[in-house]
Amino acid sequence: MPRFTPEFLDELRARVRVSDVVGRSVKLQKRGNAFWGLSPFKKEKTPSFTVDDNRQSYHCFSTGQHGDIIRFLMETKGLSFPEAVEQLAADAGMELPRSSPEAAQEAERRKGLIEACEAAAGYFQSMLRRAPGRQAADYLERRRVGEAQIEKFRIGFAPAERTALRDYLVNKGYTEQTLIDAGLIIRPDDGGAAYDRFRNRVMFPILGARDAVIAFGGRALDADARAKYLNSPETKLFHKGDVLYNHAAAREAAAKEGKPLIVCEGYMDVIALWGAGFKTGVAPLGTALTENQLALLWRQSDEPLLCFDGDSAGLSAAYRSVDRALPLLKPGKSLTFALLPEGRDPDDIIRIDGAAGFARIADEAHALADILWRRESELSPLDTPERRAALRARLRDLIKGIADKDVRQAYGVEFANRLRDYFAPVQTRAAAGPIPRSSAGFARRRRFESESERLFHEARLSPGLKQKQTELSPFRRGGTLVLGLVNHPGVISLQEEAVLSLQIENPDLDELLSHILGAHLADPALDSEGLKAHLHQTPAARTLQRILTDETLIIQRFLRPGAELDDASWGWKDALRHHLLATSATREVAVSASQMSSDGEESWKAAVVAREELLNSGADRNRRDEEGEAKSADVEKSLESMRASVSQKHRVRKPFKD
């Protein structure tokens, strides 16, 4: 049977949340800092079973049973102790220790390394209080690090002498090899005498399981030092990609206070936050967040707050964190970002603006989706079709990399809506003038800002279009366009920019369109059947069923599922022309009417033009459609009334005096 050391079991418990494992078999609800549910040990109607992640334990008040996550599996699954540990280790991605004399010797070596690191920490702390540590103490005082912070974080000082720590620990009985293995001293390749790794530095112990020191970080006091901050090397105890500075204490504080973990870039940021009352700060030890560090964060906080320095390096670190986290996102598990003013870190904010200043910044944190959109949309100007297409392609690739299906679909909808907002026309172009002509009488080529503008211009110049398709209500006009995308998702790729700029008045259809575009962004290869299956699981399912069974829509040949893609694309563009013509004329009526009281006769003339557009489109004068759009006769009557009102105001208006 394998021998599980206390250190291994502590790390295992730290990596697996009790509520996650218990929640697989007991329905839990959070109340305060604990979870409650019905007892798994007896039948009951009132919850008496509680789980506390902070204490890493469970307790059943009805039976008195109590224990940690290992005992829970033994009692509920009938597992032996080794079997329970093996199952949890698999969940945590930990390799089981081998049961052998060699494994026992390895455990003893690890114990010796921890003892050496603890002895070194004590030595550094004592040196801070002595004469050689005066410069370090002055540095901490300038940084407003008080006695409480020094004691809490066990801050110390490494003397400048080449072998001060080595000599001290060797005299205490530690071998040079142990000190080398612990990362405390260095033996030169040329075989010379070993020397201290940390010299003339403020020292920050890094703690592991059971609050034992496993490594150090050192801040140089010499301005000419090769590295301002220096961490311990990788050792049997310390793998920096698996550790967060101050994690154990921050996790406990987060559980007690119900607040998220705050991720900073350095030791001093964490210490400054703690001094200002923010006890949940951690730091990733000089590297971008790793997958294991993200897992540590998410075990305690659903949305940890990442706080980066307000410079280009800080923003780059935020972007790297986004890239690392994006594939790993789960429902309810994400990151938020606090971006500080240029050139200032959390320590600066605390010293200059106090706790309230940092709290304001934290309250204005940005969602991961906001940071990702900012990076991609600001990567280059979006003033050409190629650059806009590149943005869409980048977003598709990023979203495709999200492993969780539900989160991937949610990001598809989110960024589809952002793209739609970006591509939405800035203003109505219904009153656009004729194409300018050259002196030779030939129409000059007009440069259109978008495919939708070009299609609208074609519609305005084609009298025949004003006589067609006008028997459709606004719902069916929009439904035609949406159903075309449902039955032929390939049209989205062929007409992507026009689709993204599409504006539909009906909110139900607009919601359905967002889900269609979101699904396509998340999976561009999705066919019609797959798209329909997905849409039937969304809140827009009822609207989908409505357009799939609307007899007025399904008789149109290009909307039929069996239509060729080229025919479907051509028919969709033709339908879009009609939609743009009708909606632009209607919007111009509304805009003109809203301006009449202040703009007078000129606005009236524009309204008359828009009215003629609407009337000439052939809209039925004798009905009000099911969506409540006013009949053309009603529009005409309202405009006549407004004209009379404006004319009366114009007659009584007195001239301005100088």
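The figures follow:
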read-out: Lys, Arg +1 and Asp, Glu -1 on Cβ, resulting dipole of segment 1-156 about Cα centre, debye, nearest 20; value: 640 debye
read-out: Hydrodynamic radius (Kirkwood) for segment 101-238, which is based on Cα pairs only, to one decimal in Å; value: 15.4 Å
read-out: Residues with amide H under 5 Å from that of Ile206, placed H, sequence gap 5 or more; value: Ile214, Ala215, Phe216, Gly217
read-out: ³J(HN,Hα) computed for each position of segment 40-50 - Karplus, 6.51 cos²θ - 1.76 cosθ + 1.60, integer Hz, glycine/proline x; value: x, 9, 7, 6, 7, 9, 10, x, 10, 9, 10
read-out: Computed magnitude of the charge dipole of segment 67-220 (debye, nearest 20; Cβ of K, R +1, Cβ of D, E -1); value: 900 debye
read-out: Segment 247-377 - convex hull of alpha carbons, volume per residue in Å³; value: 99 Å³
read-out: Links that overshoot a 22 Å alpha carbon limit, given the list Lys400/Lys532; Lys256/Lys330; Lys30/Lys333; Lys259/Lys405; Lys279/Lys330; value: Lys256/Lys330; Lys259/Lys405; Lys279/Lys330
read-out: Cut-off under 5 Å, modelled amide H: who pairs with Leu306 long-range; value: Val263, Thr336, Phe337, Ala338
read-out: Surface/4 of the Cα convex hull for segment 6-92, nm²; value: 5.4 nm²
read-out: Whole-Hz ³J(HN,Hα) from phi, Karplus 6.51 cos²θ - 1.76 cosθ + 1.60, for segment 190-203, glycine and proline x; value: 7, x, x, 5, 5, 9, 5, 6, 9, 9, 6, 9, 6, 10
read-out: Note, ³J(HN,Hα) from phi for segment 557-563, Karplus 6.51, -1.76, 1.60, rounded to Hz, x at Gly and Pro; value: 4, 6, 8, 5, x, x, 5
read-out: Segment 287-359: Cα Rg divided by the 2.2 N^0.38 Å rule of thumb; value: 1.17
read-out: Euclidean distance between Cα centres, segment 518-589 to segment 146-224, Å; value: 68 Å
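Quick note: the coordinates plus some simple rules give every number you see, no bench work behind them. Quick caveat, the model's predicted, so the values are computed rather than measured. Quick reminder, even Gly has a Cβ in these numbers, built from the backbone with ideal geometry, and neighbours come from all protein chains shown.
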